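Okay, structure first, notes after.
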Protein chains: 2
Amino acid sequence: MTPADARLARLIGPVLPGLERMREVMERQVLETSRAVGDMTDHVARFRGKQLRGALVLLAGEATGNTTDEHPAIAAIVELIHLATLVHDDVLDGAAVRRRVACVNQRWDNQTAVLLGDFLYARAFALSTDLSSRLASRVLAEATRRVCVGEIEQAARRYDFELSQQVYEQIAGAKTATLYAAACELGARYPGGREELGLELRQFGWEIGLAFQIVDDCLDVVGDERVVGKSVGNDVEDGKITLPVLYAYRAADEVQQAAMRDIYTRPELERRIVRLREVCDLTRGVEFALARARELVAQAQQRLAGLEDGPHRRALHALGEFVLERNW
Amino acid sequence: MTPADARLARLIGPVLPGLERMREVMERQVLETSRAVGDMTDHVARFRGKQLRGALVLLAGEATGNTTDEHPAIAAIVELIHLATLVHDDVLDGAAVRRRVACVNQRWDNQTAVLLGDFLYARAFALSTDLSSRLASRVLAEATRRVCVGEIEQAARRYDFELSQQVYEQIAGAKTATLYAAACELGARYPGGREELGLELRQFGWEIGLAFQIVDDCLDVVGDERVVGKSVGNDVEDGKITLPVLYAYRAADEVQQAAMRDIYTRPELERRIVRLREVCDLTRGVEFALARARELVAQAQQRLAGLEDGPHRRALHALGEFVLERNW
């Protein structure tokens with residue numbers, strides 16, 4: 001267990017029983033009589049990861065005094081949707097290593113990864129239609145749509161060095177923060193009512209999620225593969241202009257800018273990230289991006305001021321620090 | 001307009017106003033402020049196709065005296081789900097031509113096709129959560145799951161000449177007939193109740209859908225590309241053992257069987273379908289498969305006996321003939 005893992009384990013401690021129930025629900029959902037599906041979902045179980053989104057549903061519920069028997073199921077649905085996006089992402093960007101487990105699309109093929117992702121989405125929606133209130137179905141179907149739109153926008157904006165920070169945040173947020181926001185909103189207001197509190201927690205989730213994505217984008221340009229636990233430099237390979245790169249580009253002179261564009265776009269170029277580090281000041285770009293992430297976390301933490309103090313509120317607060325400090 | 005198109009147009013005539021409303025709903029659903037998404041959905045509009053599944057919702061509703069203002073929206077959801085599976089199928093089997101429109105994955109790439117399919121699924125589920133009854137969400141989330149399981153099973157059973165006819169029908173049915181069955185069931189019983197009638201129409205949809213898939217599988221081995229409107233021989237390229245091939249294999253002697261297995265599996269072999277036609281009696285396989293399709297249609301048509309006579313019941317009945325006679 002790394003120090004970051006240990007810190008996260010302490011953070012989610014207050015909702016461990018709920019997380020255990022969430023995992024039981026997830027396991028039931030991916031049980032299939034079909035042997036072929038079973039083989040695949042066995043593998044996906046190893047993707048398990050931090051289950052931060054599921055924990056957010058439970059923490060946001062407890063911290064706002066809103067807990068129901070269905071919260072663990074909602075957490076499971078959120079995690080299944082996240083799992084589906086991960087599986088489909090592996091079709092997308094060909095990341096070679098993800099959490100040190102061979103990707104689905106390397107053990108099987110693109111075809112299987114598409115189908116498995118679809119299966120997980122369908123399972124998640126089927127489960128959500130069994131809940132007593134329709135709020136979860138509605139919020140999560142809409143969140144899933146936004147995630148897709150964010151990914152499509154991101155693909156359309158590849159190689160676009162003229163991207164504004166605002167559009168970067170819209171896209172990075174749609175892609176990642178949407179599900180954090182939905183998790184926190186549902187935790188705080190499922191099965192219904194409590195709109196104002198729901199909106200506040202939704203904003204909290206959005207800000208924490210966006211900060212998480214910004215840190216992720218920083219790790220991809222300056223992180224160490226052995227520490228991060230997945231390959232780095234993928235965004236550069238995929239033509240994605242992330243916040244640290246955007247800032248480094250703006251701070252660069254014309255010669256450097258031309259070199260950066262060339263490194264992103266020249267066909268067949270090897271190890272683009274190493275070259276990029278050589279031609280511009282990525283460290284300053286990362287500093288700028290991390291300052292923005294810290295700002296977002298501070299905003300998010302302020303939103304918790306109105307909640308009653310206790311282990312759950314403190315865990316949500318500490319999650320902000322965790323997002324900023326992970327994996328460096 | 002081909003004779004088949006004209007026949008279909010006559011068939012769906014009794015539900016034209018509902019289909020018009022269905023199309024309006026679909027257009028609203030794929031409208032997006034995102035330019036990148038708009039570009040893609042414009043293209044998908046050309047996939048429109050026969051919209052048979054949407055028509056089934058409306059026809060099953062009218063034929064059973066069960067019509068609501070929400071039937072056109074349900075028809076739209078069913079069509080959006082079908083569209084999503086088509087878009088993801090293009091990632092899967094690399095079919096070169098589909099309805100004479102360049103595939104999404106050729107105009108864009110696999111990545112975009114995955115995202116667009118996900119977007120369409122999410123739109124469909126979001127729309128279903130806005131309906132007054134949850135029956136549509138439930139039936140369609142479960143149907144989508146079954147479709148995925150069918151596709152995964154099919155991928156796992158590639159090159160398996162020992163497949164039983166029963167397993168072939170389970171897989172072909174899960175993949176195609178599931179959505180026909182869900183369309184007919186929802187038409188007959190949405191917003192709820194009417195379980196028995198729903199089950200009967202569901203069986204009707206299953207049988208018609210399975211017959212449709214069997215005919216499709218026959219067209220892929222003996223059809224004419226110019227008439228069928230999409231490339232043929234894809235199943236052989238993809239290693240799928242379909243009913244006509246299964247029957248031809250069983251009727252073949254050992255030497256022929258070895259030749260068939262070789263044609264399916266030898267790497268780099270060109271135009272497998274042409275060679276397959278040379279080494280075995282595919283015509284007899286097709287005759288056998290079509291006899292089974294006719295049997296399924298006859299069973300399906302008998303299920304309509306209890307319904308009141310009228311244009312909608314007659315259209316459902318005639319749809320059986322249409323499925324058998326299309327595109328030869």
Just give me the residues in segment A:128-146 being at the interface with another protein chain (Cβ under 8 Å from one of its Cβ atoms), of a type outside the set (Gly, Ala, Ser) and in a helix (DSSP H, G or I), in sequence order.
A:Arg138, A:Glu142, A:Thr144, A:Arg145
Taking A:Met1 as the residue in question, decide whether it is at pLDDT below 85 and loosely packed, with under 13 Cβ neighbours inside 10 Å.
yes
Would you mention how many residues in segment A:167-203 are of a type in the set (Phe, Trp, Tyr) and farther than 30 Å from B:Arg35 by Cα?
1
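Each row is one residue, and each column tells you yes or no for (1) outside any helix (DSSP H, G or I); (2) free of Cβ contacts under 8 Å to residues at least 40 places away in the same chain; (3) within 14 Å of chain B (Cβ to nearest Cβ).
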| site | (1), (2), (3) |
| --- | --- |
| A:Leu11 | no, no, no |
| A:Pro14 | no, no, no |
| A:Arg28 | no, yes, yes |
| A:Leu56 | no, no, no |
| A:Ala75 | no, no, no |
| A:Leu80 | no, no, yes |
Quick one: count up the residues across segment B:279-328 that are in contact with a helix residue (DSSP H, G or I) (Cβ under 6 Å, 6 or more places away or on another chain), small (Gly, Ala, Ser) and within 21 Å of B:Gln165 (Cα to Cα).
4
When only residues in segment B:161-178 that are in a helix (DSSP H, G or I) and among the aliphatic types (A, V, I, L, M) count, which is nearest to the chain's Cα centre (by Cα)?
B:Ala177
Enumeration of residues in segment B:200-252 that are among the acidic types (Asp, Glu) and assigned to a helix (DSSP H, G or I)
B:Glu200, B:Glu207, B:Asp216, B:Asp217, B:Asp220, B:Glu225, B:Asp235, B:Glu237, B:Asp238
Quick one: is A:Gly65 more than 25 Å from B:Ile171 (Cα to Cα), assigned to a helix (DSSP H, G or I), of a type in the set (Gly, Ala, Ser) and at pLDDT 90 or above?
no
Restricting attention to segment A:205-217, does a residue exist that is free of Cβ contacts under 8 Å to residues at least 24 places away in the same chain, charged (D, E, K, R) and at negative phi?
no
For segment A:186-199, the count of residues that are surrounded by fewer than 22 Cβ atoms within 10 Å (Cβ to Cβ) and not aliphatic (A, V, I, L, M) equals 6
Let me spell it out: the conditions are (1) within 14 Å of chain A (Cβ to nearest Cβ); (2) over 24 Å from B:Asn110 (Cβ atoms), and B:Ala60 meets all of them except one. Which number is the exception?
(1)
Flag for A:Ala84 being in contact with an Asp or Glu (Cβ under 8 Å, 6 or more places away or on another chain), at pLDDT below 95, within 26 Å of A:Gly192 (Cβ to Cβ) and in a helix (DSSP H, G or I)
yes
Hey, among A:Ala181, A:Ala174, which residue is touching a residue at least 12 places away in the same chain (Cβ under 8 Å), surrounded by 17 or more Cβ atoms within 10 Å (Cβ to Cβ), within 24 Å of A:Leu290 (Cβ to Cβ) and within 14 Å of chain B (Cβ to nearest Cβ)?
A:Ala174
Against the definition (among the basic types (Lys, Arg), more than 26 Å from the chain's Cα centre (by Cα), part of a helix (DSSP H, G or I) and farther than 22 Å from B:Gln166 by Cβ), how does B:Arg275 come out, yes or no?
yes
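The values are calculated or read from the model by the stated rules, or taken from the named source; none is laboratory data. Treat the numbers as computed from the prediction; the structure is a model and nothing was measured. Using ideal geometry, Cβ is built from the backbone for each residue, glycine included, and neighbour counts are taken over all protein chains shown.
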